[in-house]
Amino acid sequence: MDRTRILLIPAVVLAALLVLRGLGAFVGPELLVHDHYLGMALPEKRATSSPVVIVELRESDIAELAYPMSDRDLARLLDWLVEAGAIAVGLDLYRDLPVPPGTRALYEVLLEEPRIVSVWKARGHGIRPPAAVRRLPDRIGFNDLPPDTDGIFRRALLFHNEPGGPVHWSFSLRIALLALAEEGIAPMPAPEDPELLRLGPTTLPYFEHDDGGDVAADDGAYQVPLDFAARFDRIGIGELLRGEVSPERVAGRIALVGGNAESVRDAFPTPIGVAIPGVDFHGHVVDQLIRHARGEARPLRVLSEWQEIALIVGAGLLGALLGSGLPGRPVARTSVQLGLGAVGLFALWFAGAQAYAAGWWVPTFAPGLAWLASLGATFAWVANRERADRDEALRIFRLHSSESVAAEIWRRRHEIFAEGRVRPQHVECTVLFVDIRGYSVQAAHLAPEALMQWVNLFLGRMTEVIRAHEGYVDDYFGDGIKADFGVPLPVEGGDPAAEAAKSAVRSAIEMALALPDLDAQMQAMGLPPCRIRIGIHSGASVMGSVGSDQRMKFTVVGDVPVVAQRLESTDAVPHDFEKAPARILISEATRARIGDTFATTPCGAIVLKGHDDATAIWRVDVAKEDA
């Protein structure tokens with residue numbers, strides 16, 4: 001088999017897949033697999049208690065306080081949170097325009113309280129922060145979020161700037177840094193790369209477009225992936241303003257104020273299967289940044305671009321290797337291939353899940369596709385090539401052996417064939433010759449069409465008998481057939497040589513028993529009946545291929561076929577063909593192999609043409625066998 005051509009198959013498959021990957025064709029499936037891994041890892045990563053408490057505006061609060069709530073009510077809310085001991089308060093409600101009454105009170109609390117951070121929108125048309133803090137950059141943070149190409153929000157944006165403009169800090173980062181300042185943790189440039197942010201022991205690498213499988217994402221500014229591991233305590237704004245909330249629920253924690261009412265909810269689709277309000281999204285960012293700063297969580301790590309390509313190529317080459325070397329017949333191999341494909345996909349999926357649980361996002365869709373495509377394409381090519389090779393190798397056996405024998409020959413082809421030819425080797429076999437007695441006389445009187453019809457009917461029926469007994473039709477010669485038993489494969493049984501001889505004799509007996517029906521068919525067609533002579537001899541021979549590259553045949557050569565032919569043609573053993581239309585003569589060697597399995601009669605010993613010594617001959621008594 002041409003190994004160079006086999007290698008071209010995965011090369012073409014992998015080149016196509018890598019081009020498609022570079023164009024972003026696999027982003028959607030890779031993100032779905034990522035989300036699946038995230039959901040699997042979430043139960044173990046979920047924090048038991050988050051420092052963030054969500055103070056939310058519910059539908060019942062809108063009915064009580066109106067929407068937007070007045071500046072006076074918002075000022076009361078913020079005052080209460082500060083006095084209750086919140087270490088940071090995030091206001092995730094736009095307040096670019098006053099909502100009287102109480103505008104002055106809100107202005108003063110925002111201006112005077114450094115623990116409060118207000119949102120503004122940087123992208124698009126933009127929404128300004130509250131007037132009181134517009135000139136205080138450390139009191140404001142943008143709340144823009146970067147969606148993926150499928151509209152799902154998986155990352156947080158920490159910094160943003162327009163070309164040539166100032167760098168803006170995100171709402172979530174400002175709040176997290178306020179809380180971390182209480183623990184003595186301040187933002188620092190990373191020692192390994194001053195452009196990266198370091199919080200406590202953790203350096204936060206920014207997301208790049210070739211990270212994981214999200215090769216088509218916008219990686220502008222400073223983005224970080226989220227794990228959505230936080231679980232929040234939740235307080236309604238209405239119940240807080242009515243005095244129904246204990247300050248202990250807020251003391252020492254981070255309070256994020258935002259909307260969570262259906263009528264005004266700003267929902268963000270997430271990879272955890274639900275859309276969450278913006279205040280919750282910012283809560284996840286704050287919670288994760290604090291865990292990073294405390295050393296309780298590590299950023300999601302990814303392979304380099306070349307490592308991902310190596311993984312895809314490795315999976316494809318392994319698939320091609322297995323697809324080109326599966327054992328067994330093509331039909332049986334199909335199920336093996338399907339099994340290997342499933343096992344390989346499961347192994348990739350499992351390895352990806354384990355890697356994600358350990359903090360690594362290893363893309364598995366593209367490697368899985370490379371595995372399946374290379375395995376399938378290589379397997380299909382090899383199966384097609386083997387089918388052609390099988391047809392070529394067995395062309396000398398297909399028409400002259402049973403299907404089971406041909407299939408076994410192909411299964412054991414490495415034992416039998418060498419360089420397209422049957423390996424020459426010594427074998428123990430039995431050879432049978434059969435022909436029509438009086439053929440020459442009949443041929444002289446029959447028209448050409450009738451003669452060929454007569455011969456072909458005879459040869460066709462005798463060939464069926466030979467194949468049924470696992471014999472190989474070695475050759476046709478006019479009205480006769482040479483058949484070999486025990487080659488190229490030994491006949492199954494206790495003693496292969498004996499079983500081959502028995503198969504040959506059974507075949508001869510069935511030929512004799514088939515003559516009445518065959519004669520009746522020929523008589524109906526106006527053709528003469530057949531009287532046949534059969535000679536059988538057993539012994540050591542040589543099997544192999546003879547001929548040229550243009551025409552080649554498998555045969556058995558040596559003294560055995562010569563003796564069998566002499567037995568078939570001898571006139572030294574008289575026989576009444578009118579009484580018994582078939583004469584079956586076997587040699588002493590064949591008689592020794594079959595023992596008393598069949599009824600036989602000794603016919604003495606004769607000297608066959610080309611031999612100096614006499615050969616003992618036995619007749620097989622067909623009538624007795626039939627009885």
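The values are calculated or read from the model by the stated rules, or taken from the named source; none is laboratory data. Not measured: the values here are computed from a predicted model. Here the Cβ positions follow ideal geometry from the backbone for every residue, glycine too, while neighbour counts run over all protein chains shown.
List of remarks:
- Filter pass, GLU192 being touching a Ser or Thr at 6+ places or on another chain (Cβ under 7 Å) and at pLDDT below 95: yes
- Matching residues in the range 201-223 - criterion: being in a loop (DSSP other than H, G, I, E, B) and at pLDDT 95 or above: PRO201
- GLY200 being over 42 Å from the mean Cα position of the chain (by Cα), among the small types (Gly, Ala, Ser) and exposed (fewer than 15 other Cβ atoms within 10 Å of the Cβ): no
- Top-ranked residue of the range 86-129 - restricted to ones that are small (Gly, Ala, Ser) and at pLDDT 95 or above, ranked as nearest to ALA176 (Cα to Cα): ALA88
- Residue, farthest from the chain's Cα centre (by Cα), within the range 44-85, restricted to residues that are modelled with pLDDT under 90 and over 23 Å from ALA267 (Cα atoms): SER49
- Tally of residues being loosely packed, with under 15 Cβ neighbours inside 10 Å and touching a helix residue (DSSP H, G or I) at 6+ places or on another chain (Cβ under 8 Å) across the range 249-266: 3
- Contacts under 8 angstrom Cβ, first residue in the range 169-194 being farther than 23 Å from LEU136 by Cβ, partner in a helix (DSSP H, G or I), 6 or more apart: GLU183/ALA293
- Strands (runs of 3 or more DSSP E) completely within the range 519-606 that count 1 or more residues being surrounded by fewer than 16 Cβ atoms within 10 Å (Cβ to Cβ) and either on the phi < 0 side of the Ramachandran plot or in the same structural domain as GLY486 (by TED's automatic domain parsing) (or both): 532-547, 552-557
- Filter result (farther than 30 Å from SER70 by Cβ and in contact with a strand residue (DSSP E or B) (Cβ under 7 Å, 6 or more places away or on another chain)) within the range 217-253: ALA221, TYR222, GLN223, VAL224, PRO225, LEU226, ALA230
- Of all residues making up the range 607-627, the number that are surrounded by 15 or more Cβ atoms within 10 Å (Cβ to Cβ) and in a helix (DSSP H, G or I): 2
- Residue match in the range 254-273 (condition: without any contact (Cβ under 8 Å) to a residue 12 or more places away in the chain and either under 30 Å from MET69 (Cα atoms) or not assigned by TED's automatic domain parsing to the domain that holds TYR67 (or both)): yes
- Per-region count, the range 165-179, residues in contact with a strand residue (DSSP E or B) (Cβ under 7 Å, 6 or more places away or on another chain) and of a type outside the set (S, T, N, Q): 9
- Entry remark, the range 106-158: residues being buried (at least 17 other Cβ atoms within 10 Å of the Cβ) and either assigned to a helix (DSSP H, G or I) or without any contact (Cβ under 8 Å) to a residue 12 or more places away in the chain (or both) number 7 in total.
- Candidate set: the range 453-511, residues that are outside any helix (DSSP H, G or I) and of a type in the set (Phe, Trp, Tyr); chosen: the one surrounded by the fewest Cβ atoms within 10 Å (Cβ to Cβ): PHE477
- LEU226 being touching a Phe, Trp or Tyr at 6+ places or on another chain (Cβ under 6 Å), within 24 Å of LYS45 (Cα to Cα), of a type in the set (A, V, I, L, M) and at pLDDT 90 or above: no
- Residue among GLY102, GLY90 that alone is without any contact (Cβ under 8 Å) to a residue 40 or more places away in the chain and surrounded by 15 or more Cβ atoms within 10 Å (Cβ to Cβ): GLY102
- Qualifying residue in the range 476-487 (condition: of a type in the set (D, E, K, R) and within 49 Å of the chain's Cα centre (by Cα)): yes
- Residue-level analysis places GLU428 outside the set of residues that are more than 20 Å from GLY544 (Cβ to Cβ), of a type in the set (Asp, Glu), assigned by TED's automatic domain parsing to the domain that holds GLY535 and surrounded by fewer than 23 Cβ atoms within 10 Å (Cβ to Cβ).
- Helices (runs of 4 or more DSSP H) completely within the range 229-333 that count 2 or more residues being farther than 18 Å from GLY90 by Cβ and β-branched (Val, Ile, Thr): 305-324
- Meets criteria (in the same structural domain as GLY141 (by TED's automatic domain parsing) and assigned to a loop (DSSP other than H, G, I, E, B)) for LEU97: yes
- Filter pass, GLY295 being modelled with pLDDT of 90 or more, closer than 19 Å to GLN223 by Cα and either assigned by TED's automatic domain parsing to the domain that holds TYR94 or not hydroxyl-bearing (Ser, Thr, Tyr) (or both): no
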